[in-house]
Amino acid sequence: MGSGIDSGNNSPVAVTGMGCMAGGGTDSESLWANLVRGSVNCRPVPGYLFETILDYPVFAAPADCFSERASVLTAGTSPGFRQESVSRTVLLACSAAAEALAQAGVSVDYLRSVRVGIVLGTTVGCTFHNEEYYAAWRNGLEPDLDPVRFYLAGNVASALHRILGTSGPSAVITNACASGTDAIGVARNWLATGQCDIAIAGGADELSRVAYNGFVSLMLADKEPCRPFSRDRKGLNLGEGAGVVVLEREETSGRRQCRPLGWVRGYGCAADAWHPTAPHPEGRGLKAALRQALRDCGNPEEIPALINAHGTGTKANDLAETAALAEIFGGLEKPPVVSTKGITGHTLGAAGGLEAIFTLMALRAGHTPGSVGCLEADPELSLPVLTQNDQRQLTGTWGISQSLAFGGGNSVLVLEAAR
């Protein structure tokens, strides 16, 4: 291993496939290309999502977010599958999973011969799309129960198991904006403790009118494309999408003669116990999560080659996050710190999955683009960050992807790339 990271007593857990679907691109290759180019697809809420009189732009995935890969996959696993039978969140997850499984070289027959763990993060998913039903119910009417049945069938991990025809452990993580990061950490632990043979993990979230209005009411949204860490930042833009990885124990992927793309080396999570929506000003929980993740991978002596920060573009998040990083990595040599939300927007439960993939792609490429949208960094930040025009060669192969969530949740992954 290039970085010399020791994962302690845990068996190495390899990343063998990665898949994405988001407003910034319909697969991992197009997302990476748009990140490198700084190509931003931030626009008014499209009518195929919901109607609104508010003018806060979003990063919306295509109206048809069910990719050709997903269509081919489901034709082989569930010939009678109908897209309208599941939520947009499930369709996003299917598209990302189909790409990841294809890259990992995993066949349907193989999937059905092993224990498949599926753990996906989401925040609201399809749970806020039944407003007409609830309004009718509260007015004493007896509306059709189809929206309730649709909601009860909306467990994205169980839905993916049904669609793939697989069996094994299943979980949905709902830890707000840290959900996707936690899902990968949980899947890694499942594999390390022998609870499954292969895992599909990450996050998926569709845009919802209730969530959109909620962020606007909290005065956290920007009417222009977001500018994480920028001196003139005014808030975030919501996005939607999915980021999914295929994880395997290294000996399992070796038997398939599959060369890993990288490894999940460490995972940590901790709470601020501070405020319902604001992070602790000094990043108390994030510091604890970072230390836990670093201990988990053997406390590497060198600094990470890259930190993909949560970097929402809100005043409170960016200041708290860099304060925590400065305390952990405050030596003379500073790690490169970026935010990739200028390309995807804040995809809530999908953010951790997408950003883990961005981190591995940058580490594998040996360079990272800067933070799209940030032309001049806020001088109050406690640690330097890479601005949009600051491309950086990466000297090592390991890095960090981290998430800060409403409710004070903080989750961190330590990732190492194979080159």
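The values are calculated or read from the model by the stated rules, or taken from the named source; none is laboratory data. Just so you know, these numbers come straight off a predicted model, no measurement behind them. When we count neighbours, we look across all protein chains shown, and the Cβ atoms used for this are built from the backbone with ideal geometry, even at glycine.
Remarks
Residues are listed down the side, and each one gets a yes or a no for (1) of a type outside the set (D, E, K, R); (2) in a loop (DSSP other than H, G, I, E, B); (3) more than 18 Å from the chain's Cα centre (by Cα); (4) outside the structural domain of Asp296 (by TED's automatic domain parsing):
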{"residue": "Cys374", "(1), (2), (3), (4)": "yes, yes, yes, no"}
{"residue": "Glu380", "(1), (2), (3), (4)": "no, yes, yes, no"}
{"residue": "Pro384", "(1), (2), (3), (4)": "yes, yes, yes, no"}
{"residue": "Gln388", "(1), (2), (3), (4)": "yes, yes, yes, no"}
{"residue": "Thr395", "(1), (2), (3), (4)": "yes, yes, yes, no"}
{"residue": "Ser401", "(1), (2), (3), (4)": "yes, no, no, no"}
{"residue": "Ser411", "(1), (2), (3), (4)": "yes, no, no, no"}
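- Candidates Thr314, Thr387, Thr322 - the one that is of a type outside the set (A, V, I, L, M, F, W, C) and modelled with pLDDT under 95: Thr314
- In this structure, His346 does not qualify as surrounded by fewer than 24 Cβ atoms within 10 Å (Cβ to Cβ) and farther than 11 Å from Leu35 by Cβ.
- Within the stretch 234-249, one or more residues are on the phi > 0 side of the Ramachandran plot and surrounded by 24 or more Cβ atoms within 10 Å (Cβ to Cβ).
- Qualifying residue in the stretch 281-293 (condition: part of a loop (DSSP other than H, G, I, E, B) and in contact with a Pro (Cβ under 8 Å, 6 or more places away or on another chain)): no
- Options Val106, Val90, Val72, Val114; residue that is part of a helix (DSSP H, G or I), aliphatic (A, V, I, L, M) and over 18 Å from the mean Cα position of the chain (by Cα): Val72
- Residue count for the stretch 8-56 satisfying the condition of being assigned to a strand (DSSP E or B), of a type in the set (A, V, I, L, M, F, W, C) and farther than 20 Å from Gly262 by Cα: 2.
- Residue in the stretch 138-152 that is closer than 30 Å to Arg249 by Cβ and part of a helix (DSSP H, G or I) present: no
- Hey, Ile307 among the aliphatic types (A, V, I, L, M), under 26 Å from Ala96 (Cα atoms) and not in a helix (DSSP H, G or I) or not: yes
- In the stretch 360-384, the residues that are in contact (Cβ under 8 Å) with a residue 24 or more places away in the chain reach residues that are surrounded by fewer than 22 Cβ atoms within 10 Å (Cβ to Cβ) and assigned to a strand (DSSP E or B) with C-beta atoms within less than 8 angstrom, at least six apart or across chains, in these pairs: Gly366/Gln393; His367/Arg392; His367/Gln393; Thr368/Arg392; Gly370/Arg392.
- Candidates Cys42, Cys65, Cys94: the one that is farther than 29 Å from Ser170 by Cβ, modelled with pLDDT of 95 or more and outside the structural domain of Thr340 (by TED's automatic domain parsing) is Cys42.
- Glu99 vs. criteria modelled with pLDDT of 95 or more, surrounded by 23 or more Cβ atoms within 10 Å (Cβ to Cβ) and in the same structural domain as Pro44 (by TED's automatic domain parsing): yes
- Filter result for Glu132 (over 23 Å from the mean Cα position of the chain (by Cα), among the acidic types (Asp, Glu) and either buried (at least 24 other Cβ atoms within 10 Å of the Cβ) or farther than 28 Å from Thr16 by Cβ (or both)): yes
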